[in-house]
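I have placed the structure first, in the form of structure tokens, so that the comments after it can refer back to it.
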Amino acid sequence: MSASVFFIVNPEAQHGRAVATWAEVQQYMDAQGHKYEYSLSTDLEDVERLARTISSIQA
């Protein structure tokens, strides 16, 4: 992972409104020149797997 920030985004959160919020976050991060990576989660197990993977890379 080359970025120092990794977002796990739940596209179903807030009855789908989280996608719009995520778009705003992306615009901000891009405008500020921040490097980041992200993944759209599919279910709780996916979130847990992503979190474990990210924490092992960050360690």
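Every number here is computed from the coordinates shown, using simple stated rules; none is lab data. On a predicted model such as this, the values are computed, not experimentally measured, just so you know. Every residue, glycine among them, receives a Cβ derived from its backbone with ideal geometry; neighbour counts consider all protein chains shown.
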task: Name the residues whose placed amide hydrogens come within less than 5 Å of the amide hydrogen of F7, ignoring near sequence neighbours (fewer than 5 apart) on the same chain.
output: E37, Y38, S39
query: Considering only the other residues whose Cβ falls under 11 Å of the Cβ of F6, what net charge follows from Lys and Arg at +1 and Asp and Glu at -1?
result: 0
- request: Taking just the C-alpha trace of the chain, give me its Rg and Dmax in Å.
  value: 12.2, 34
query: Each residue of segment 11-22 in order: what ³J(HN,Hα) in whole Hz does its phi give by Karplus 6.51 cos²θ - 1.76 cosθ + 1.60, θ = phi - 60°, with x for Gly and Pro?
result: x, 8, 4, 6, 6, x, 6, 4, 4, 5, 4, 4
Net charge, A51 excluded, C-beta distance under 14 Å - Lys, Arg +1, Asp, Glu -1: -3
statement: Label model pair Q27, A3: point-to-point distance (7 angstrom along the Cα→beta-carbon line) in nm is 1.7
